[in-house]
Each structure stands twice: as C-alpha cells, then as structure tokens.
Amino acid sequence: MKKTTLTVIVVLISAWAQGQGAKFGIKGGVNLSLFGNDIKSKVGFQAGIFSTIQLADKWYVQPEALYVEQSVKREDFSVGLITFDEASVKIASIYIPVVVKYYPVKQLYIESGPQVGFVLASKAKADYEGANYEFDAKDQLKEVDFGLNIGSGYDFNKQFSLGIRYYVGITKMANSDYVKDFYNRNSILSLSAAYSF
C-alpha cells in the first residue's frame, strides 16, 4: 500500500510538472540528523529527482522525491533495566518535499515548504558488555513523518547548483516508550548538489 501511494504521488507530480513546462534534474548530498543534546550525529546521504516550475518573476516551486538515509548514535543508552555502552540507529526513508523558491538577487535563492516522509526500513545496533546486537527497529517508528523545510542555495549556472536545507519534523516519530528518548521528532541538516537537464 505504501509503495503504491508513493508511486501515485510521484507520477501525479511528474505529470503536473510536465504540463507546466518544468525543468527536471537530479540531486544528491549528505546530511546530519540533529535529534538532541545526547545524540551524536553520523553522516548520512540522500539522492533523488526534482522538477522546477516558474510561478512568477523570481518565484518557483520545486517538488522532489528523495531517498534519505539517516544515522545517529548514543552512548550509555538505557532500555528498561539494561544500559548499553553504545547504541546506533539507521533509518531509510522516501521524502517528498515541495518548496517555494524566491530569488532576492540573481542566482541566490531562499526556499521553504512542507515535506512528507515514509519510513522504508530501520536498523538498530547496540553494544552490551562486549557483545554486539543488531535488530530491526522499523516497528518502533511511525511510518509517516511530516514537517517543514527552510533553506538557501546558489545557482552557478543554468545546470549546476548547491543548496543547504534544514528540516524540522512536526509529527512525533517514536512508536514505543523504548525509543522516544532516543528518537522522537525528526531534524535534518542537509547539503546537496543539483544538476538540471
């Protein structure tokens, strides 16, 4: 059901974009997940496709479909009566942001807009008394994430651009008491390069 929903969304966005004379492109980059003071971010990556449609002079809308991997770790993490030496979580998701871009000056833009995400998989690893444990953590998370993006970027030419974006989740992602202190609301800082065809 989730794969069908994602496919339908991407197809509808693509069809609408083609009808508006959009430019299409690919993008990719790295991210850091910022969950809290006790959580250490590990570098994740993201890649996907986008289309850019002009709305008016200096105004554009850009829908995207991105595959995003996030990774974080925490030391001295407790679950019930057990305290792990270190625990880490890796989450793979499909995110669909739709941002409005405004160019206050030529080539430099600011952007903002909503984003919805669908968790595809999640793996957790933990170290306890010298032993390593790995388990599926997908059931500990809610499947859908929703939040807002804000960012900025620079177009070097008509094809190549760089952008920085901060995403903050509105929905709570923890699906159980075991992970709510480790991972609750999403927060991602990303740096991406984009190429338009």
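Return the only residue of N186, N157 being crowded, with 18+ Cβ neighbours inside 10 Å and either under 16 Å from E64 (Cβ atoms) or at pLDDT 80 or above (or both).
Values: N157 fails: crowded, with 18+ Cβ neighbours inside 10 Å.
Answer to the selection: N186.
Of all the residues that make up the stretch 86-107, how many are modelled with pLDDT of 95 or more, among the hydroxyl-bearing types (S, T, Y) and open to solvent by 10 Å² or more (accessible area, probe 1.4 Å)?
2
So, of the residues in the stretch 108-135 that are surrounded by 17 or more Cβ atoms within 10 Å (Cβ to Cβ) and polar (S, T, N, Q), which turns out to be farthest from E69 (Cα to Cα)?
Per the stated criteria, the residue is Q115.
The values are calculated or read from the model by the stated rules, or taken from the named source; none is laboratory data. Quantities reported herein were computed from a predicted structural model and do not represent experimental measurements. When we count neighbours, we look across all protein chains shown, and the Cβ atoms used for this are built from the backbone with ideal geometry, even at glycine. These area figures cover heavy atoms from the full protein model, side chains too; ligands, DNA and RNA do not enter into them. Shrake-Rupley method; radii C 1.70, N 1.55, O 1.52, S 1.80 Å.
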